[in-house]
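Visitor: Sharing a structure here in structure tokens format.
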Amino acid sequence: IERFKKIFPLSIIHSFEPLKKEFNFLLDKYKNEKDVHLNNFAIGEDNYEKEINLAKRTGISSFNEFNKDHEWLKVRSKEYNSKVEDFLIGTQLCKVSTLESYCKTKNINKIDILKIDTQGYEDKVLYGAKNLFLKNIISAVELEIIFDDTYNNHLTFSEIEKYLIPNYRFSGIKNYNQNLFEGLNFFAEVLYINNKLLQKK
């Protein structure tokens, strides 16, 4: 939210945070921001309730199960002075909705940037928005893709792009580990832009 508000001060932001603790933090921080709409649920491929796997470092909580033998998880656990078993703190039941149904409820017919960072659940978010892509309602998609085995499931570019191609073009990547032979995890932020938007340029 801070990043996009800095780049686009007049932007209207719709944010989705399923974790109660983090949502309450956001609620307190942005309670006076009329253009920031906070939602205490996740975005996925359908409308349902699902258990999310929690960690002390809340940003890595995921609908996917953790790979407890992964070195990255062992190192992060030590940072919190705990064993892997204690670093993983259980589950929380949370509501899930599709982006399409949310847009229909809120009468949203235009999305400039869809930012997805859902710890390996990005394909489910894209699936739940597939009709929005077909209708060219979304101008750009920025998402995280994880290449390693922190979770029991990781996505490939083809699994991501089957919801975006041919209407969207891969347009950029920011890699967070520049050494392919060392490091604990590999992930990147990737950008896809609607072809119609690029043609206007």
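Visitor: Going down the table (56/83; 6/124; 21/50; 50/74), which pairs top 19 Å between alpha carbons?
Guide: Where the Cα-Cα span goes over 19 Å, the pairs concerned are 6/124; 50/74.
Visitor: Moving on. Name the most mobile residue of 187, 147, 157, meaning the one with the largest mean-square fluctuation, in a Gaussian network model of the chain with Cα contacts below 10 Å.
Guide: For the chain, modelled as a Gaussian network with Cα springs under 10 Å, the answer is 157.
Visitor: What's the angle, to the nearest 10 degrees (0 to 90), between helix 20-29's Cα axis and the longest principal axis of the chain?
Guide: The angle comes out near 60 degrees.
Visitor: May I pose another question? Rank-order 49-60, 79-90, 95-106 by packing density, defined as the average count of other C-beta atoms within 10 Å over each peptide's residues, highest first.
Guide: On the way: 49-60: 15.5, 79-90: 13.1, 95-106: 17.1.
Order by mean packing, descending: 95-106, 49-60, 79-90.
Visitor: Working out 0.36 nm times the residue gap between residue 188 and residue 7, then minus their Cα-Cα distance, what length gain in nm do you get to one decimal? Spell out each step's value before the answer.
Guide: Values: separation 181, 0.36 × 181 = 65.16 nm, distance 2.05 nm.
That works out to 63.1 nm of additional length.
Visitor: Going 7 Å from the Cα of residue 15 toward and past its Cβ, which residues in the range 22-53 have a backbone nitrogen under 16 Å from where you end up?
Guide: Taking a point 7 Å out along Cα→Cβ of residue 15, the residues of the range 22-53 whose backbone N falls under 16 Å are 22-43.
Visitor: For the chain, what is the percent of antiparallel DSSP beta bridges, rounded to the nearest 5?
Guide: Values: 23 of 34 bridges.
Around 70 percent antiparallel, to the nearest 5.
Visitor: Straight distance only, please: which aspartates and glutamates reach the Cα of residue 110 with their own Cα at less than 18 Å, same-chain residues fewer than 8 apart left out?
Guide: Answer for residue 110, where 18 Å is the Cα cut-off: 35, 100, 142, listed by chain and number.
Visitor: Which order do the peptides 133-141, 27-35 take when ranked by the mean count of other beta-carbon atoms within 10 Å per residue, highest first? Kindly include the intermediate steps, with their values, before the conclusion.
Guide: Details: 133-141: 17.1, 27-35: 10.9.
Taking the mean over residues of other Cβ atoms within 10 Å, the ranking is 133-141, 27-35.
Visitor: When a/c is below 1.5 the answer is rounded, else prolate if a/b is larger than b/c, else oblate, so apply that to the range 18-100 with a ≥ b ≥ c taken from the square roots of the Cα gyration tensor eigenvalues. Walk me through the numbers on the way to the answer.
Guide: Working: a/c = 2.87, a/b = 1.56, b/c = 1.84.
Note, shape of the range 18-100 comes out oblate.
Visitor: Can I ask one more? Let's see if you can work this out: charge +1 on each Lys and Arg Cβ, -1 on each Asp and Glu Cβ, no other charges. What is the dipole magnitude of the chain about its Cα centre, in debye to the nearest 20?
Guide: Values: 30 positive and 29 negative charges, 193 e Å.
In total the dipole reaches around 920 debye.
Visitor: How would the range 78-131 be classified by its alpha-carbon gyration tensor: rounded, prolate or oblate, with rounded meaning a/c under 1.5 and the a/b versus b/c comparison settling the rest? Could the numbers behind the result be given before it?
Guide: On the way: a/c = 3.33, a/b = 2.59, b/c = 1.28.
Prolate shape, in that a/c is at least 1.5 and a/b is the bigger ratio.
Visitor: Also, quick follow-up: Provide Rg over Rh for the chain; use the alpha carbon set for both Rg and the Kirkwood Rh (inverse mean inverse pair distance).
Guide: Details: Rg = 17.5 Å, Rh = 18.1 Å.
Expressed as Rg/Rh, it is 0.96.
Visitor: What part of the accessible area of the range 1-102, given as a whole %, is carbon or sulfur when the probe is 1.4 angstrom? Provide the component values of the computation, followed by the final result.
Guide: Working: 3080 of 6330 Å².
Here it works out to 49 percent.
Visitor: Next question, about the same structure. Once each part is reduced to its C-alpha centroid, what is the distance from the range 133-175 to the range 7-39 in angstrom?
Guide: 24 Å
The values are calculated or read from the model by the stated rules, or taken from the named source; none is laboratory data. Not measured: the values here are computed from a predicted model. Positions of Cβ are generated from backbone atoms using ideal geometry, with glycine treated the same way; all protein chains shown enter the neighbour counts. Ligands, DNA and RNA are excluded from the accessible area calculation, which covers all protein heavy atoms including side chains. Shrake-Rupley method; radii C 1.70, N 1.55, O 1.52, S 1.80 Å.
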